Amino acid sequence: MSLVRTLGEELSGVRHIAFSPDGLMLATASNDNIIRLWRISDGALLRMFEGHSRPVTHVAFSPDGSTLASASEDKTVRLWRVSDRKRLGILWGHTEKVRSVAFSPDGHMVAASDRLGAEVFDADNGQSLVKIGSQKED
């Protein structure tokens, strides 16, 4: 195998990457607080999602690929509509930097974790459904 192309040569500090479910796009989470969406076939930058106030640590696509979730050191998870970058919601509740985020297989729940525990949210209304771990330091 040989290198076919380089995406975003100006980027530094990419923290996480995720393929869209159809394999046509790649999302990157970066230290500059921005999520970027790339088209794999030609390396084009399709969209930039801005709104986090600290580095983005993790990204995940919903199973149908219509929504992107981002976790950040700003202690939030944000949900974005992929087609037009519209922010669909902010999931609050973490007291620490959010390290990871994942959708349930049906796309109706979002789980996020920090160093103290995890929380599961309803993806449609942002309601906290389940807390795992202490959520506060002893």
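The values are calculated or read from the model by the stated rules, or taken from the named source; none is laboratory data. Note that the structure is a prediction, hence the values are computed from the model and not measured. All Cβ positions, glycine included, derive from the backbone under ideal geometry; neighbour counts span all protein chains shown. The area values use the complete protein model at the heavy-atom level, side chains included, leaving out ligands, DNA and RNA. Shrake-Rupley method; radii C 1.70, N 1.55, O 1.52, S 1.80 Å.
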Residue list for the range 87-103, filter: open to solvent by less than 90 Å² (accessible area, probe 1.4 Å) and part of a loop (DSSP other than H, G, I, E, B): Gly93, His94, Thr95, Glu96, Val98
Residue, surrounded by the most Cβ atoms within 10 Å (Cβ to Cβ), within the range 70-86, restricted to residues that are out of contact with any Gly (no Cβ under 7 Å at 6 or more places or on another chain) and under 13 Å from Met48 (Cα atoms): Ser70
Search result, residues across the range 43-61 that are surrounded by fewer than 22 Cβ atoms within 10 Å (Cβ to Cβ), touching a residue at least 12 places away in the same chain (Cβ under 8 Å) and in a loop (DSSP other than H, G, I, E, B): Gly43, Gly51, Ser53, Arg54, Pro55
Search result, residues across the range 32-42 that are in a strand (DSSP E or B) and either polar (S, T, N, Q) or buried (at least 16 other Cβ atoms within 10 Å of the Cβ) (or both): Ile34, Ile35, Arg36, Leu37, Trp38
Members of the range 58-97 that are farther than 18 Å from Phe19 by Cα and aromatic (Phe, Trp, Tyr): Trp92
Single residue of Phe121, Phe103 found to be under 12 Å from the mean Cα position of the chain (by Cα) and more than 18 Å from Val14 (Cβ to Cβ): Phe103
